[in-house]
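Asks: Could you have a look at this structure, given as structure tokens, before my questions?
Taken together, the values in this text are just the output of simple stated rules run on the coordinates, not laboratory data. Computed from a prediction, not measured in an experiment: that's the story for all the values here. For neighbour counting, all protein chains shown are included, and Cβ atoms are generated from backbone atoms with ideal geometry for every residue, glycine included.
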Amino acid sequence: MHGSVLDAALELGLTSSAVSQQISKLEREVDARLLERAGRGVVLTDAARILVEAADEISAVNDRAVARLEDLRHDLSGTLRVASFPSVIGPFVAPALAELRDEAPGLEVRLHEMFPDRAHDAVLGGHVDVAVIHLWGDAMPTATRGFTSTAVGDDPIEVLVPAAHPLAGRPEVSLDELVDDVWVTDDLEGFCRNWLIRRMSAAGRRPRIHHLVDEIAGQLALVSAGLCNALLPRIAYGELPPTIRALPLTGVTPFRRLHLVYRESSAARPGVRRFIEQLHSRVSTSWTQTGR
């Protein structure tokens, strides 16, 4: 539930008018109101919730039928729709989809870049078959009837410092050793920025965040130029130039956990099942080789 007709229309790629017309048409067909006002938004009526449950049941039956038909053909075919947050596409999702395409030319793969919240909702709405998302720490995806999730691996946060930094040659570093350093963080009050502020505030210090840059490439450019440190997940920064060193943190290290979210009824589909296996394998192999 998006809370407004406009948000639902944006998710569906339609105009608000088109969505409103469809809702009005459906209300006439079932002879019941489907939306009611709640503050500045709308909520589903009891009649609408009954229709949503029925639609979920129909979708589940369809998924099971598609899975059985694909198994009957004994090959990977049909369409696999995947959503993924940006930084994991290059190292894991794209290679997994490429191998699937080579393995099964009859399988049409489609990828839509989405940040975790939207990707999760896209699976719930039936717009994609499986989503690659991340959550910070031990948080779990929202439990919803008929849907499931699988943890793929943990992505720790590390400190990136210029190669000329006095501690650049260390195997690991404590945040307490960096209290006087200058930092770059995102301008969106994201997890890394908030964690940095909380940790230093607990020690009675305020981090010297002189640069606010949302794009990771921009943060890396500032670190490479020797202007500051950054705090980023390993997957997000990828392969580093020789002008930057990545240092694991000592003590309790923050991390984000990668999850796959999909409908329970579609888990038996060969394409979905194979993609899940591919991603698990690639993440596991990559992080074993790099000691992650």
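Asks: What are the ³J(HN,Hα) couplings of the range 157-169, residue after residue, when phi is run through the Karplus curve with 6.51, -1.76, 1.60 and θ = phi - 60°? Round to Hz, x for glycine and proline.
Replies: Computed from phi, the couplings for the range 157-169 are 8, 10, 8, 9, 10, x, 4, 8, 4, x, 9, 4, x Hz.
Asks: So what is the relative contact order of the range 192-292, in percent, for Cα pairs below 8 Å that sit 6 or more residues apart?
Replies: On the way: 28 pairs, mean separation 15.6, N = 101.
Reported relative contact order: 15 percent.
Asks: Taking only Cα atoms of the range 135-292, what ratio of Rg to Rh do you get with Rh as the Kirkwood inverse-distance radius?
Replies: In the range 135-292, Rg relative to Rh is 1.04.
Asks: Further question: Check which residues have an amide H placed less than 5 Å from Phe147's amide H, if you skip close sequence neighbours.
Replies: Correct list: Glu264.
Asks: Something else about it: Could you put Tyr262, Tyr237 in order, starting from the residue whose Cβ has the fewest other Cβ atoms within 10 Å?
Replies: Going from least to most buried by this count: Tyr237, Tyr262.
Asks: I would also like to ask the following. Report the extension gain between Glu113 and Asn62 in nm, rounded to one decimal, defined as 0.36 nm multiplied by the number of residues separating them, less their alpha carbon distance.
Replies: Gain on extension, Glu113 to Asn62, equals 15.8 nm.
Asks: OK, next. For the pair Ala202/Ser224, report the inter-label distance in nm, with labels modelled 7 Å from Cα in the Cβ direction.
Replies: Placing both labels 7 Å along Cα→Cβ, they lie 3.4 nm apart.
Asks: Is there a quick way to get the dipole size of the range 122-241? I mean about its Cα centre, with the Cβ of Lys and Arg at +1 and of Asp and Glu at -1; what is the value in debye to the nearest 20?
Replies: The dipole magnitude comes to about 300 debye.
Asks: Let me ask something additional. Give, as a single signed number, the net charge of other residues whose beta carbon lies under 11 Å from the beta carbon of Thr250, with Lys and Arg counted +1 and Asp and Glu -1. Provide the component values of the computation, followed by the final result.
Replies: On the way: positive: Arg170; negative: Glu172, Asp176, Glu177.
Taking every other residue near Thr250 into account, the sum is -2.
Asks: Could you work out how much longer the chain between Arg33 and Arg145 gets when fully extended? Use 0.36 nm per residue separation minus the Cα distance between them, nm to one decimal.
Replies: Full extension of this stretch gives 37.9 nm more.
Asks: If N is the number of residues in the range 117-156, what value comes out of its Cα radius of gyration divided by 2.2 N^0.38 Å?
Replies: Scaled against compact globular proteins, the figure is 1.17.
Asks: Hey, another quick one. Quick one: 3J(HN,Hα) in Hz for the range 142-149, Karplus 6.51/-1.76/1.60 with θ = phi - 60°, rounded, Gly and Pro as x.
Replies: Those phi angles translate into 4, 6, 10, 4, x, 10, 9, 9 Hz.
Asks: For a quick check: with amide H placed at 1.01 Å from N, whose amide H comes under 5 Å from Leu80's, ignoring anything fewer than 5 positions away on the same chain?
Replies: Glu108, Val109, Arg110
Asks: So for the chain: antiparallel DSSP bridges make up what percent, rounded to the nearest 5? Can you show the working numbers first?
Replies: On the way: 29 of 46 bridges.
Here the antiparallel bridges make up roughly 65 percent for the chain.
Asks: Based on DSSP H runs of at least 4 residues, each adding -39500 (n - 2.57), what is the mean residue ellipticity at 222 nm of the chain after dividing by all its residues, to the nearest 500 deg cm²/dmol? Let's see the in-between values first.
Replies: Numbers: 9 runs with 115 residues, N = 292.
Counting only the DSSP helices, I get -12500 deg cm²/dmol.
Asks: Show me, for the range 123-137, the HN-Hα J-couplings you get by feeding each phi into the Karplus relation (A = 6.51, B = -1.76, C = 1.60, θ = phi - 60°), rounded to Hz, glycine and proline as x.
Replies: In residue order, the calculated couplings are 5, 4, x, x, 7, 9, 8, 8, 10, 9, 10, 9, 10, 7, x Hz.
Asks: Oh, and also: Rank Cys228, Met200, Val30 by how far each Cα sits towards the positive end of the charge dipole of the chain (+1 on Lys, Arg Cβ; -1 on Asp, Glu Cβ) and give me just the farthest.
Replies: In the chain, that residue is Met200.
Asks: Give the relative contact order (percent, whole number) for the chain; include only Cα pairs under 8 Å separated by 6+ residues.
Replies: 24 percent
Asks: Something else: Among Gly238, Leu160, Ala98, whose Cα sits farthest toward the positive end of the charge dipole of the chain (+1 at Cβ of Lys/Arg, -1 at Cβ of Asp/Glu, about the Cα centre)?
Replies: Going by the Cα projections, it comes out as Leu160.
Asks: Right, here's the next one. How about the range 99-193: which GluC sites (Glu not before Pro) there lie in a loop by DSSP and see at most 15 other Cβ atoms within 10 Å?
Replies: Within the range 99-193, the qualifying GluC sites (Glu not before Pro) (loop, at most 15 other Cβ atoms within 10 Å) are Glu172, Glu189.
Asks: Another question, if that's okay. Can you divide the C-alpha Rg of the chain by 2.2 N^0.38 Å and report the result to two decimal places?
Replies: Output field value: 1.20.
Asks: When the chain is fully extended, how far beyond the present Cα-Cα distance does Lys25 get from Leu240, taking 0.36 nm per residue of separation?
Replies: 71.9 nm
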